[in-house]
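Take a look at the structure set out below.
Rule-based calculations on the coordinates, nothing more; no lab input. Here the structure is a predicted model, which is why all the values come from computation and not from measurement. FYI the Cβ positions are ideal-geometry reconstructions off the backbone, even for glycines, and counts take in every protein chain you see.
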Amino acid sequence: MSARPRRRRRIGCLALLAIVVASQILTVALLLRPRTMPAPSVIPIVSAKVDRVSLRPVAAFQAIDDPAARSVALFREAGRVIQHPRCLNCHPRSDRPNQTDAMHPHLPAVMRGPDGGGEPVLRCATCHRDRNVDAAGVPGNPKWRLAPAEMTWERQSLGQICRQILDPARSHMSRDELRRHMAEDELVGWAWHPGGDRAPAPGTQAEFGALVAAWLETGARCPA
Amino acid sequence: MPIELKVNGRIARVDDDGDTPLLWVLRDTLGLTGTKYGCGIAQCGACTVHIDGQPVRSCAFPIDAVGASAITTIEGAVGPEADAIRAAWVARDVPQCGFCQSGQIMSAIALLRTAPQPTDADIDRAMGGNLCRCATYNRIRAAIHDAARATATPT
């Protein structure tokens, strides 16, 4: 009896194709399977902790008998606001503002432009609104713009700034306008409510205004 | 309370909070995804749209500050300057990765409307707030000059 020849096992093309198609269907089904996505949640805005620094009140200077010395002392105290980054950043020595407590050049490189509010296409209002926008960390105020070029404070001594703001040709203000600007102007007032992690100017705008008023009343003497 | 926004000539009513940045509403609520989220802090310019023709960073623009102003996104940018900019961008093959380009184009359109024949300095001042990680700045500048020539009134 002769042995039957062994036949090689053969795997059909259809079977291979079926395996490939089935694995592809399985992969797609796995990728597209319904999954529970994380529920949206509100991310609370965490206010950055900023240290508030106080100003000495006008009464603290009454002990200085010499009116001229008292006037200078009052301006030196007010100068802690005037030379604070919140004020200096928009009184730059060039046409480009500075920013942050480190007072580095503003990014993007916005320039003063014809009206202090930026160039026609890249204006301050391209990014800054009439209020601080916490979602983007961008500060703002309705009057957001640079101080006039004649009012450069950056890298000026306090004495130079003093003489500048008393010079109507450069400050464009009378002494009464200057007092009101310091005490009441809302853009100046932003310095005490800068938002984000920006350090506010020392004291309050009312305290600062009182110091400026007392300085003017005592003869508006300037430091050397 | 719903807020009405005039976007690309149409009125859209959205239920988002008033302090929601316009960019989020454009992309997530209205599906206008041509405007890109780059940095979210008004530093890169990818989210630039026009409000009453003026370029603004939509990531730092709360929707309750828009009021009745007209918003124009890249999808709705039309007119001779927009057409010339688009044609120049294609001809010069300006984009590389392309992510910043809708913002670049919106700023470039505003520039041509303000300064029809801009100098290099004009371009630098106007486009300085639009960053490009691929550094396509030279092609952007060349394309703006091309578009300016194309829109120039024949004498």
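Assorted remarks:
- When cysteine pairs in chain A are screened for C-beta atoms closer than 4.7 angstrom, the residues that find no partner are A:C13, A:C87, A:C90, A:C124, A:C127.
- A:T27 paired with A:D167, simple spin-label distance in nm, labels 7 Å along Cα-to-beta-carbon: 7.7 nm
- Dividing the mean sequence gap of close Cα pairs (under 8 Å, 6+ apart) by how many residues chain A holds gives a relative contact order of 27 percent.
- The modelled label-to-label distance between A:R6 and A:E150, using points 7 Å beyond Cα along the C-beta direction, is 10.9 nm.
- Normalised contact order of chain B, rounded percent, pairs of Cα under 8 Å and 6 or more residues apart: 23 percent
- Rg to Rh quotient for region B:3-76, alpha carbon positions, Kirkwood Rh: 0.90
- Mean separation of Cα contacts under 8 Å (6+ apart) over length of region A:83-194, as relative contact order %: 24 percent
- In whole percents, the pair-distance distribution calculated for region A:126-218 from its alpha-carbon pairs, binned every 5 Å from zero, is 3, 12, 18, 23, 22, 13, 7, 2, 0.
- Rounded to the nearest whole Hz, the Karplus-based 3J(HN,Hα) values (6.51 cos²θ - 1.76 cosθ + 1.60, θ = phi - 60°) of region B:26-43 follow the sequence 4, 7, 8, 8, 9, x, 8, 8, x, 7, 9, 8, x, 10, x, 10, 6, 10, with x at glycine and proline.
- Per-pair calculated FRET efficiency, R0 = 35 Å: A:M37 and B:Y137 via Cβ, rounded to 0.05: 0.30
- What you get for the protein assembly as shown, charging only the Cβ of Lys and Arg (+1) and of Asp and Glu (-1), is a dipole of about 2700 debye around the Cα centre.
- Residues B:D15 and A:R93, FRET efficiency given R0 of 51 Å [Cβ-Cβ distance, rounded to 0.05]: 0.60
- Theoretical gain in end-to-end length, B:D28 to B:E4 [0.36 nm per residue, Cα-Cα removed]: 7.1 nm
- Potential lengthening between B:Q117 and B:R149 on full extension [0.36 nm per residue; Cα-Cα distance subtracted]: 10.8 nm
- The protein assembly as shown - Rg and Dmax from Cα coordinates, angstrom: 29.9, 138
- Chain lengthening between B:D64 and B:I41 when straightened (0.36 nm per residue, less Cα-Cα): 6.5 nm
- Eigenvalues of the alpha-carbon gyration tensor of chain B, scaled by 5 and square-rooted, set the equivalent ellipsoid semi-axes at 28, 16, 13 angstrom, largest first.
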